[in-house]
Amino acid sequence: MNRRTFLASSAAAALLRPPAGAGSARLPIKKAVEFEMLPKTMSVVDRFQLARDTGFEQIECPTMPDEREAAEAKKAAEKTGLRIHSVMNQAHWKYPLSSADPAVVSESVKGMETSLRNAHFWGADTVLLVPAVVNPKTSYRDAWTRSQEQIRRLIPKAAELKVIIGVEEVWNKFLLSPLEFARYIDDFSSPWVRAYFDVGNVVISGYPQDWIRTLGKRIVKLHIKDFKFEDGGMAKWTPLREGEINWPEVHKALAEIGYAGTATVELDGGDEAYLREVNRRFDLILSGA
């Protein structure tokens, strides 16, 4: 969905607004935006300022191996007051920790170490990690054991830098149920490995409110997006509050577990009008509308 059709759909925003006095207590969750959602034609500091101006409180940045680029992001955060709360590790898809190739694993570990250093430098408290990829060359069992072995080796560095490794469930044929995800996290018995839960990623096979209640205090961060099935069963990402997710139930589950961290919208990018509309819908979700 492009900006024009998105804003056209928001012309019917009255349908998305709750009646006066409706809704629950607003969740004590900080709203964050992905750095990549901000216009790439703008300078880094202007992108940060736009995020702040459109109502976001924090931002999630990708791994930045270039020290000058990382320093520019830090200055932008300091100037605008928009805190970098987490780092989205960039190496885990091309170089999965679950690979049988030691050279690939070495690159993956280097990428995570860079992400952890970025997080420490920026004052972020979490790095998002996709732990493994199951494919014809990597069995489920191997993905589990290999990734856990490498994450255990990263825990001392995470503890030293005081940055949590946030394991995310994605469409990688791995961690396919909330019970399994909880067990995977619990196996580490470490406060430095927790769950980075993506609300939208589980809709294809489950219900986010169920995952939230099962994972409970293991959740360190949230990704927010929406999703629906079209005629014929095709899956499609949608604007917030226009998909399959029962947001009031998600709100209720988050309130039950006492989640009070940060939630980051992970959507297509856009201009100021688009970001303001995303933020408005984000507010409705956090208010239980």
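The values are calculated or read from the model by the stated rules, or taken from the named source; none is laboratory data. Just so it is clear, the model here is predicted, and its values are computed rather than measured. We place every Cβ from the backbone using ideal geometry, glycine too, and count neighbours over all the protein chains shown. With ligands, DNA and RNA removed, areas are computed over all heavy atoms of the protein, side chains included. Shrake-Rupley method; radii C 1.70, N 1.55, O 1.52, S 1.80 Å.
Of the residues GLU168, GLU149, which is in contact with a strand residue (DSSP E or B) (Cβ under 8 Å, 6 or more places away or on another chain), charged (D, E, K, R) and either free of Cβ contacts under 8 Å to residues at least 60 places away in the same chain or more than 28 Å from ILE224 (Cα to Cα) (or both)?
Going through GLU168, GLU149 in turn, the sole match is GLU168.
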| said: For a quick check of your reading of the model, give me the residue pairs whose first member lies in the stretch 52-80 and is open to solvent by 30 Å² or more (accessible area, probe 1.4 Å), whose second is part of a loop (DSSP other than H, G, I, E, B) and at pLDDT 95 or above, with beta-carbon atoms closer than 6 Å and at least 6 apart or on different chains. | reply: ARG52/LEU82
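Out of everything in the stretch 113-161 that is of a type in the set (Lys, Arg) and in a helix (DSSP H, G or I), what residue ends up being most open to solvent (accessible area, probe 1.4 Å)?
ARG141
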| field | Restricting the stretch 205-233 to residues that are polar (S, T, N, Q) and farther than 22 Å from VAL193 by Cβ, the residue that is most open to solvent (accessible area, probe 1.4 Å) | value | SER205
| task | Select from the stretch 174-231 the residues that are farther than 20 Å from ALA263 by Cβ, aromatic (Phe, Trp, Tyr) and not in a helix (DSSP H, G or I) and list them in ascending order. | result | PHE174, PHE188, TRP192, PHE229
| said: Among the residues of the stretch 83-112, what is the count of those that are out of contact with any strand residue (DSSP E or B) (no Cβ under 9 Å at 6 or more places or on another chain), surrounded by fewer than 19 Cβ atoms within 10 Å (Cβ to Cβ) and not in a helix (DSSP H, G or I)? | reply: 3
